[in-house]
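The values are calculated or read from the model by the stated rules, or taken from the named source; none is laboratory data. Computed from a prediction, not measured in an experiment: that's the story for all the values here. Counting neighbours? That spans all protein chains shown, and the Cβs are built from the backbone with ideal geometry, glycine included. For the accessible areas, the whole protein counts, side chains as well, though only heavy atoms, and no ligand, DNA or RNA atoms are used. Shrake-Rupley method; radii C 1.70, N 1.55, O 1.52, S 1.80 Å.
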Amino acid sequence: TITGDLFNLPAGAVGAAVGAHWRKLTTTTTPNALSVANAYRLANTQPFFGEYTIMEEFAELQVPILKDAALAKRLNVNVAARHTDYSTTGSVTTWKAGLVWQINSDLRLRAARSRDIRAPNLNELFSRGRQTNAVIDDTGPGGTGQFYSGVPNIATGNLNLKPEVADSSVIGFVYQPSGLKGLSLAMDFYTTRIDDAIFVAGGAIAVRECNEDPNSPLCAFVTRGPTAASPRAVIRTQNSPVNLNSELSTGLDFEVSYRVPLSNWFANSQPGNLVVRAIAGYIDEYSAVSPLAPTINWAGNGRATPQGPALPRVRGNLSFNHIRGSFATFLQMRYIGGMTWDKTRLLGVTTDYNNVPSTAYFDGQIGYRTQVLGRDTEIYLNVANILDREPTYAPRNTGATPLPTDPGLFDQVGRMFRLGIKTRF
């Protein structure tokens, strides 16, 4: 990587960076003989090997346009491009263009547009199989009219995958009023569209798709039994990642912080400094367009689906950090907004539960900074989930083990204490 200034413009120096990067990724999985023979109830990982190399070249420019002008205290433009060549999926070019417009000492605007990619990983490409158990609904048209539980489902890779491609736009502002020192307010609106999104097809979706269209290529993912008792029973399914979907997401990110010496409020004392900070995100839309499923805005959906995890519309943190001399105290609230448990179900018709309430957790920490053997050292006590709140009921009924809550969102442990020491050597 080489960085430096190219030349000067009236508003300042033009900065540049260029470089190249090569790397190689390799994976080897060697399971035991019982796993290879599918002897276990779950997993039965199969042996596989895979590798690919990546060659990248990139360049970036930082261009000052205006400085101390009537329209702007400062205006900078940033452009960047990257060419990436994967030995498995070919070459792709990504880029970014953005600007930062400092209108005055209080207000700064920012915007960016970019083309990004995510290449399939080693497991998505080369995996030869891992078994889970699935619940199969075969009651639709063309099916047997039965539900099947504990059906072996084999997840494999797909060497024909290509990179996902995303187009993203972000526009926002930062406001730091000179009349109220220590206050900062930032807000950004974003929108992202992903094409050729990698989607795991198969399993229960393959059964439904094949029942509706016997000529669907997903019929190859469904194995039915030849037994006399149930000649068409689903006895095995397969999952594989495919470039099948497009995805759209829009939302708003918000941050406000206020740092103030408490001596401004309390005279004749040394109360220290207080930092109040709030971070929140609002998801307006997250939709996956797929030929295998209806298009639904999954924002605010509380149950994990094949399209993604549970997705509350609102999540946020509010924190208070007080420092006085060697002592520091910290209090935080983590907020998870309420959700509809499953947007595909109708309360009182297809489910008797469809509302996940909002949840808030409180965490705290007390720390003391000192010197130990001449080294900066902090001793701290941290308490997570101070109120010992139980997990919010948000059942997950997919996979081999149904759960009464979502471990990706809600605390599973309860009140937890950590006593620790941090030091530097």
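Couple of notes before you dig in:
- Placing dummy labels 7 Å off each Cα toward the beta-carbon, the span from ARG232 to ASP167 is 4.4 nm.
- In the full protein context, the stretch 83-177 carries 51 Å² of accessible surface per residue, based on a 1.4 Å probe and ignoring ligands, DNA and RNA.
- Over the chain, DSSP H runs of length four or greater, each weighted -39,500 (n - 2.57), average out per residue to a 222 nm ellipticity of -1000 deg cm²/dmol.
- Between LEU252 and ALA43, full extension at 0.36 nm per residue minus the direct alpha carbon distance yields a gain of 71.3 nm.
- Exposure rank, largest accessible area first [GLU212, GLU247; 1.4 Å]: GLU212, GLU247
- Rounded to the nearest 20 debye, the dipole size of the chain about its Cα centre is 1020 debye, using +1 on the Cβ of Lys and Arg and -1 on the Cβ of Asp and Glu.
- Across the stretch 307-425, C-alpha contacts under 8 Å between residues 6 or more apart give a mean separation that, scaled by the residue count, equals a relative contact order of 21 percent.
- Given their separation in residues at 0.36 nm each and the Cα-Cα distance between them, THR423 and MET187 gain 81.4 nm when the chain is fully extended.
- Rolling a 1.4 angstrom probe over the chain with all protein chains present gives an accessible area of which 58% lies on carbon and sulfur atoms.
- Cα centroid separation, the stretch 360-380 to the stretch 265-294 (Å): 25
- On the beta carbon distance between GLU60 and PHE147, with R0 = 51 Å, the FRET formula returns roughly 0.40.
- Over 28 Å (Cα to Cα) - which of LYS73/LYS96; LYS67/LYS181; LYS96/LYS343 fall in this group: LYS96/LYS343
- Net length available on complete extension from ALA97 to ASP68 is 8.2 nm, with 0.36 nm assigned per residue and the Cα-Cα distance removed.
- Solvent-accessible surface of the stretch 343-425, taken per residue with a 1.4 Å probe and all protein chains present: 67 Å².
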